[in-house]
Each structure stands twice: as structure tokens, then as C-alpha cells.
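The values are calculated or read from the model by the stated rules, or taken from the named source; none is laboratory data. This is a predicted model, so every value here is computed, not measured. Note that each Cβ is placed from the backbone with ideal geometry, even for glycine, and that neighbours are counted across all protein chains shown. Ligands, DNA and RNA are excluded from the accessible area calculation, which covers all protein heavy atoms including side chains. Shrake-Rupley method; radii C 1.70, N 1.55, O 1.52, S 1.80 Å.
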Amino acid sequence: MISITRLLRASSRSILRNRMRSLLTSLGIIIGVGAVIVMVAIGEGSQAQIEANITSLGTNLLLVIPGSSNTGGVRQGGGSYKQFTFDDIEALKREATLVDGVSPVVRSGGQIIGGAGNWFTSVYGVSPEYFKIRSWEVSSGEFFTDKDVTARRKVALLGKTVADQLFPNQDPVGQNIRIRNIPFTVIGVLKAKGQTGMGQDQDDVILAPATSVLYRLKGDRRTASIDMINASAVSSTQVDSATAEMRTILRKSHKLIEGQDDDFTVRSQAEIMQTATETTKTMTLLLGSIAAVSLLVGGIGIMNIMLVSVTERTREIGIRLSVGARESDVLIQFLTEAVVLSVSGGIIGITLSAAVVAGLNKWTTLQPIITPNIVVVSFLFSAFVGIFFGFYPARKAAALDPIDALRHE
Amino acid sequence: MTAVIETHGLTRTFEVGDISVHALRGINLTIEPGDFVAIMGSSGSGKSTLMNLVGCLDTPTSGEYVLDGERVESLSKNQRAMIRNRKIGFVFQGFNLLSRTTALENVELPLFYDRQNHVRNHRQAAVEALNRVGLADRLEHTPNQLSGGQQQRVAIARALVNRPAIVLADEPTGNLDSRTSVEIMSVFQELNAEGVTVILVTHEADVANYAKRIVGLRDGRIVRDVAVTGRHDAAKDLAALGQREELD
Ligand SMILES: Nc1ncnc2c1ncn2[C@@H]1O[C@H](COP(=O)(O)OP(=O)(O)OP(=O)(O)O)[C@@H](O)[C@H]1O
Ligand SMILES: [Mg+2]
């Protein structure tokens, strides 16, 4: 057997001897691997970004909205719509074991006057559990308490955007504002959350006790109601069971009998996340396939160079055969050469893409992520391309009689 | 003494399109070990074709070829590769050196494919072979940096490096001036004196006279097979040439 070190030395010599050919061969692999990794990294990066954004809305979040779920866009059954009451909230708090936070959400909004001027924004009436469910924190002041809710106190927490608009140069805590002409006292400012994946400013909001919003802002007791219930499952693995449990409790609380449709819908954050992730996955796939095409083009380039050099290589093979090389010797040698070429091309491509990704991270808003999978896959594919197109002509030549190989034009 | 090379009715036919070219039409040739045979004949008479068959580079269309007591037709591809590597040194009509590869590496090539690794130090053996053909000062030159005669000598060194029992040379002096031709012939005579069987193809009667035996080919058949009378000694001729140059 010919020793491995001799083989490697011989093939690296042969590669260096034909520098231009080797460089052109590797170039296809370098560019192909680099492009695939960068493209997929960008896709993966935006996916991770969107996931992080959605997670920032609150993990394990469960949303309950009035009305039965839609099937194919058609609302089912008649009269399957009932507003939530504080009794529903109490029932959930009392009976649910897989839910560790329940809060009503009363939506309102309008012109806010205070401090430097006025600002139009949303006001959400919630209970203190909402802060944990939605992962809110205060940057100054404090949250309101259950007592504030019971007493319907006119206190409010400002989102960062609202605080900046109304009180650009001072701490709003302790200041008075008027929401739809009703005075509220600012007791805290919320920590900034930034934009959602869909580009919505999460900090453009005011939070106040649910009762205060319901009875003092919305006023008309007959039509005013709780718009939505927010809850949080005890863990992400329990989201489905928590959903089922909430359904049972609410059905009982709404006095629905067996066979009657739900008059509410429980939706989990996981479902919402899934939709968003699917969108970005499609994008990753798209970017990846564009890059895969470039890898393929690189492969065709390699094939071209290999085919052009076939005459020269066939003579070389003839010479090697004539001095006593076996068919297998020639094949192993060409295989070694192809592997050395494509492996070094792949490594350079990976290094290059790592540099590009680092640059994108530093100088653009893109946050690409290189995953090991794509590195391995694109590397193996390129190695395969290099080996296949380098090896195939060699195999044909090595099967010839030496004199036929030498005569090959 | 048993013959080292024996052929019986060896033929080689090339199919070119619809017509068959009969390059060899039944060669019966026996060569004893230690012989020095010059094969002569006009262009196209089948000399190279015969050499390729004898060198196990090509396979005959029909007939039998016995090398060292072994029927070559019955050998596997790998066994024939081994014969090319160990028993035969072949010098091609067109050199067939690896381009962009130094003289030294070209000469080392057969050693690379020797599975038993008879020669431990490849470089040393290659340097010795190049030394023998007078190219010790051109080790790192690539073929395109060498003259035709020098390339020919690299090809000869490559044929010698594995110490084969048979050396086959297809027109080794074809492109050389007379002095270089004599130098090359002295290398072959020296090898032959050491017991190596030498077979070479030549057009020139001068060159053939350094051999022990002349085989004439015409149209793929042997038409003449004679012993050389008044054989030349290349070493002496070289010495004489040297003296004449000194007088000039
Ligand atoms: N591969 C081939 N295909 C077709 N015909 C061939 C082939 N090789 C040789 N021939 C033919 O066989 C005949 C003998 O060729 P060969 O090369 O043996 O001649 P040669 O005696 O060596 O001539 P030269 O002195 O010119 O080298 C020629 O007619 C040639 O055309
Ligand atoms: Mg010839």
C-alpha cells in the first residue's frame, strides 16, 4: 500500500503545481459555501429576532377573547357571544391550577393631557397580575396594587413613549394627567420594551386599574365590559392543558350546557408564535435556495475546469499507469486531490462567511446567526461536488490501457 | 537458457472507423536474458506497436506473449501494472514526462508506485539514476526548461530507477546529435554489460551497430533477424570523439 503521507504529499504537490487550476476549482466552492452560510445565517437571525420579540410579549401567554372561534372565517352559531365579567376572572383565579396569573383587559384610549402637552394613546385597564403575565417592569415609581383596583383609584403607569412625550424633561411620577378629561395620578413609568415583530410600539400605552378604566373612563355600565382576559400558563409545556382547563372553567362560569358551542376563544402565544415562525422559515428557505443555486453554479464551474483539464490529466494518468500505477492508485490519488481541494475551499468559504456575518452584525441592523447544521450541510455538499466532478473523469481515464490514455487527445 | 521474452503469432489490429489497420501481423520473437536487440524498420512498420505490447502497455489482438515464463494474457491488470513497475523500464518515443514537474520528481515516479518499497530512499535513487545519464546538475528543472536531449535522458533515468531486468527504448536517440547519441548508447551498453536485457527501436544503422542483434520489421512482420558483426563500443567511440575535439 502507498502510504497516506506520501499520497497527501503527492496530491498537495500536484495542487501547487497547477495553481491556477486549483484556485479556480476552489473558488467555486469558496463562493458557494460562503453564500449559502451567509444567506441562511441572515434568515435564521431574523427568525430568532422575531421569536425574541414575541417572547417579550410575555411567555406562556394565553389570551381569551369573547366569541366562538371562527371556522373558515364564518362565525359559528347564533348568540354564541358573551361578555366577560369580573366573576369569570374570579372563577379562573379560584379554580385554575395550571394558570399562575389572570388579568382582565379593558381597552380604552383617547387624548391625554398633562405636563408638556397632549398625546393620543391607548389605555389598558388591567389588574396587578398583568405586569407579570406581560413581563412589564417599572423604571421609576411602582405598580398599582389589588387595593387600587378594588378602590377604583385613578392612578396610571405610563409607557416610555408616553412619558417622553408628556414629560420630556422631568420624572412624571407624582404628576397629574387627564385621560379624556378625567384626572389620574402617575405612579410609575414602565421600562421600555421596544417594537413588536410587526413594528408596533409597545411603549405607546398607559396602564391603569381595570375597574377605574371600566367604571370611570368608559362610564356607561350597560355597554362597558371586559374586552379580553390575559393569563399565563405555569410553564410552556403546560400551555395546552392550561388552555383546556380555562375552557372548562369558563364554560361552567358561562353556564354552557353539554353540546353548546363555546362563546369565547382561548388562544395561546405558542399559536401566534408558530404563525410568525412559519413566515420567517419560508424566508430562510427562500434565501437558502438562492444561495444553493450559487453553490450549484459553483459546482458547474468546477466541472468545467475539470473537463478542460481532462486531456492534460488523461496524459498524466497514462504516464502514471505506464510506470506501474494501478487503477486504484490513480483513483485514490485523484480522490485525495479532490478532497484536499474542496475541503480547503470549504474551510476558506466558512471562514469568509464568518467574517461577513461578523461584519453584518457590527455595521447593519441584521443579526445573522451561523448554525452548525448549515455549515456542515453546505460543506459536505461542496465536498461532494468537488469530488464527483474531479473523480469521475479520473475514473474513466484510469480504466484505460496506459497507451490509450497516453494517446488521448 | 530460458527466454525472457517469447511471442507466438502476436498480432495487433486497430479499428479506425470502418477499416482495420493491421499494425502487427504475427510476430514470433524470442529474446534471451542479457541480449541487446535493435528493432529497425521504416516508419509505420509497427515498431512502436510491438514495443508497447512487449512493455505490457497495450494488449495484443491475438497471439501469445510469455514474459519471464508467465503468459501475459492470463495476468490481471494489477499484475501487469506490477510488471511495468518492477521488471520493465520503458523509454517513450515522445518522452512522456509529467509537465510542470521537476526532473527529480519525474524520475521518482515509478518508486512511488512500488508497493514493496524496494528502494527506501527515493530521492537518492533518483539522483543516482540522473547522475548516470549525466543530468546531476538539472535535478530541479522542469521539462520545459530542458532541451530535447535532456528530456530524453530524464526519461531514460526514469526507466532505470527501479533497476528493471528489461529496458525498452523507442527511438531513444531520435532527436539527438551524434555525440549525445553515442553517450546515450554507452549508458545502454553499460546496463547491458550489467546483465540488463535491452531492446531499442532505431532508424539509424550507426545506432543499431551498438546492439548485439538486429530485428528488421516491415508491414508488421519480421523480415530480418541477424547478429551484429563488428559491434561498436560506445565508450571507445566517446573517447575517440573526445580526442578529436581536443585536436580541433
Ligand atoms: N492507436 C492507433 N490507431 C490506429 N492506427 C494505429 C494506432 N497506432 C498505430 N497505428 C497504425 O499502426 C501502424 C504501425 O504504427 P507504429 O506506431 O507501430 O509505427 P512505427 O514503426 O513505430 O513508426 P515510426 O517509426 O514512425 O514511429 C501505422 O500504420 C499506424 O498508423
Ligand atoms: Mg514509433
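Of note:
- When A:VAL105, A:VAL155, A:VAL126, A:VAL149 are screened for being of a type in the set (A, V, I, L, M, F, W, C), touching a Gly at 6+ places or on another chain (Cβ under 8 Å) and at pLDDT 90 or above, only A:VAL105 passes.
- Every test in (1) away from ligand 1 (no atom under 16 Å from the Cβ); (2) modelled with pLDDT under 95 is passed by B:VAL66 save one, and that test is (2).
- The one condition in (1) assigned to a loop (DSSP other than H, G, I, E, B); (2) closer than 21 Å to A:GLN333 by Cα; (3) without any contact (Cβ under 8 Å) to a residue 60 or more places away in the chain that B:ASN106 fails to fulfil: (1)
- Residue tally, condition more than 9 Å from ligand 1 (Cβ to nearest atom) and of a type outside the set (Lys, Arg), over region B:14-27: 6
- Test set (1) free of Cβ contacts under 8 Å to residues at least 40 places away in the same chain; (2) basic (Lys, Arg); (3) closer than 18 Å to A:ARG107 by Cα - A:ARG247 fails condition number: (3)
- In region B:171-195, the qualifying residues are those that are within 16 Å of ligand 1 (Cβ to nearest atom) and buried (at least 24 other Cβ atoms within 10 Å of the Cβ), and the one that is nearest to B:GLN93 (Cα to Cα) is B:PRO172.
- Evaluation of B:THR102 against (1) within 11 Å of chain A (Cβ to nearest Cβ); (2) more than 16 Å from ligand 2 (Cβ to nearest atom); (3) over 24 Å from B:SER181 (Cα atoms) (one fails), failing number: (3)
- From the list A:ILE347, A:ILE332, A:ILE319, the lone residue that is within 14 Å of chain B (Cβ to nearest Cβ) and either open to solvent by less than 30 Å² (accessible area, probe 1.4 Å) or under 28 Å from the mean Cα position of the chain (by Cα) (or both) is A:ILE319.
- Residue that is nearest to A:SER46 (Cα to Cα) [pool: residues in region A:234-255 that are of a type in the set (A, V, I, L, M, F, W, C) and crowded, with 17+ Cβ neighbours inside 10 Å]: A:VAL239
- Residue check for B:MET82: open to solvent by 10 Å² or more (accessible area, probe 1.4 Å) and in contact (Cβ under 8 Å) with a residue 40 or more places away in the chain: no
- Any strands (runs of 3 or more DSSP E) falling wholly within region B:1-77 and containing at least 1 residues that are of a type in the set (Gly, Ala, Ser), under 27 Å from A:ARG326 (Cα atoms) and open to solvent by 30 Å² or more (accessible area, probe 1.4 Å): B:62-67
- Scanning region B:68-85 for residues that are more than 7 Å from every other protein chain (Cβ to nearest Cβ) and not small (Gly, Ala, Ser) yields B:ASP68, B:GLU70, B:ARG71, B:VAL72, B:GLU73, B:LEU75, B:GLN79, B:ARG80, B:ILE83.
- Leading residue by the ranking (nearest to B:ILE184 (Cα to Cα)) among those in region B:201-217 that are modelled with pLDDT of 95 or more and near ligand 1 (Cβ under 10 Å from one of its atoms): B:VAL201
- Some residue of region A:243-251 being out of contact with any helix residue (DSSP H, G or I) (no Cβ under 9 Å at 6 or more places or on another chain), among the basic types (Lys, Arg) and in a helix (DSSP H, G or I): yes
- Those residues of region A:100-127 which are surrounded by fewer than 18 Cβ atoms within 10 Å (Cβ to Cβ) and either free of Cβ contacts under 8 Å to residues at least 60 places away in the same chain or within 21 Å of A:ALA192 (Cβ to Cβ) (or both), in sequence order: A:GLY109, A:ALA116, A:GLY117, A:ASN118, A:PHE120, A:SER122
- Hey, B:PHE95 within 16 Å of ligand 1 (Cβ to nearest atom) and either modelled with pLDDT under 95 or facing chain A (nearest Cβ under 10 Å) (or both) or not: yes
- Screening the candidates A:THR314, A:THR277, A:THR282 for the property of being β-branched (Val, Ile, Thr), within 30 Å of A:GLY386 (Cβ to Cβ) and part of a helix (DSSP H, G or I) yields one hit, A:THR314.
- Residue that is farthest from ligand 2 (Cβ to nearest atom), among those in region B:146-183 that are more than 22 Å from A:SER322 (Cα to Cα) and either β-branched (Val, Ile, Thr) or within 14 Å of chain A (Cβ to nearest Cβ) (or both): B:VAL182
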